[in-house]
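The values are calculated or read from the model by the stated rules, or taken from the named source; none is laboratory data. From a predicted model like this one, the values you see are computed outputs, not experimental measurements. Ideal geometry is used to build each Cβ from the backbone, glycine not excepted, and the neighbour counts take in all protein chains shown.
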Amino acid sequence: MRLKRLLDKAGIKPDLVKLDQCFMIDPEVIRCIIKHADLKKSDIVTEIGSGTGILTSKIAKYVSKIYAIELDFKLFDILSSMLSKDRNAEIVMGDVKKYGFFDANKIISNVPYSITDWLFEKLNNHDFELAVLTIPLKFYEKHADKYNNLIIEKVKIVNPQSFYPQPRIQSCIVKIKKKN
């Protein structure tokens with residue numbers, strides 16, 4: 001697996017406990033996220049948890065600006081290398097809870113599952129055009145109707161095999177818009 005070799009070469013082991021790292025490796029799921037984000041050249045995107053930049057580099061091809069927010073400083077060199085040709089990509093090393101969404105009209109993320117509640121609370125009270133997120137399926141089933149300012153549509157179920165390392169749960173891609 002290419003991603004595993006890349007991480008091994010950099011001496012990085014995914015941190016499932018503190019950083020909640022499960023990297024998206026399924027090209028079909030990445031294409032699905034891109035498709036449902038309906039990206040345009042005028043879009044400004046914030047991607048939360050950019051990881052190695054695989055999804056980020058795809059998004060950058062379609063938008064005017066992307067903020068790639070990543071908490072794990074060990075991934076900086078990989079992320080920088082992946083985004084070196086993308087002049088419209090800005091790497092932000094740190095916590096999205098500190099930086100927020102910048103001036104993005106779209107938010108895209110394979111969400112670190114430990115911040116799902118926080119992220120949905122923020123989206124519920126934030127002005128944005130569209131969010132496309134990969135979240136725990138159980139979170140969607142239990143909580144999707146509790147956010148009164150959001151329209152949340154399940155797009156696709158994502159199996160654990162779509163990630164490295166594999167989470168113990170199923171995930172889903174959701175598309176979120178503000179009501180009215």
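Per-structure values
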{"item": "Restricting segment 133-180 to residues that are out of contact with any Cys (no Cβ under 8 Å at 6 or more places or on another chain), buried (at least 18 other Cβ atoms within 10 Å of the Cβ) and among the hydroxyl-bearing types (Ser, Thr, Tyr), the residue that is nearest to Ser50 (Cα to Cα)", "result": "Ser162"}
{"item": "Members of segment 2-27 found to be among the acidic types (Asp, Glu) and farther than 19 Å from Val111 by Cβ, listed by number", "result": "Asp8"}
{"item": "Long-range neighbours under 9 Å by Cβ, at least six apart or interchain, first residue farther than 18 Å from Asn125 by Cβ and at pLDDT 95 or above within segment 164-180, second among the acidic types (Asp, Glu) and part of a strand (DSSP E or B)", "result": "Lys175/Glu153"}
{"item": "Qualifying residue in segment 45-55 (condition: closer than 24 Å to Tyr140 by Cα, among the hydroxyl-bearing types (Ser, Thr, Tyr) and in a loop (DSSP other than H, G, I, E, B))", "result": "yes"}
{"item": "Among residues of segment 89-116, those that are among the aromatic types (Phe, Trp, Tyr) and over 14 Å from the mean Cα position of the chain (by Cα), counted", "result": "2"}
{"item": "Any chance Ile78 is outside any loop (DSSP other than H, G, I, E, B), touching a residue at least 60 places away in the same chain (Cβ under 8 Å) and more than 16 Å from the chain's Cα centre (by Cα)", "result": "yes"}
{"item": "Hey, Lys35 over 15 Å from the mean Cα position of the chain (by Cα), under 23 Å from Val174 (Cα atoms) and either at pLDDT 95 or above or crowded, with 16+ Cβ neighbours inside 10 Å (or both) or not", "result": "no"}
{"item": "Test: residue in segment 60-75 that is within 25 Å of Ile152 (Cα to Cα), in contact with a Lys or Arg (Cβ under 6 Å, 6 or more places away or on another chain) and not hydroxyl-bearing (Ser, Thr, Tyr)", "result": "no"}
{"item": "Qualifying helices (runs of 4 or more DSSP H) (wholly inside segment 85-160; at least 2 residues being hydroxyl-bearing (Ser, Thr, Tyr) and touching a residue at least 12 places away in the same chain (Cβ under 8 Å))", "result": "none"}
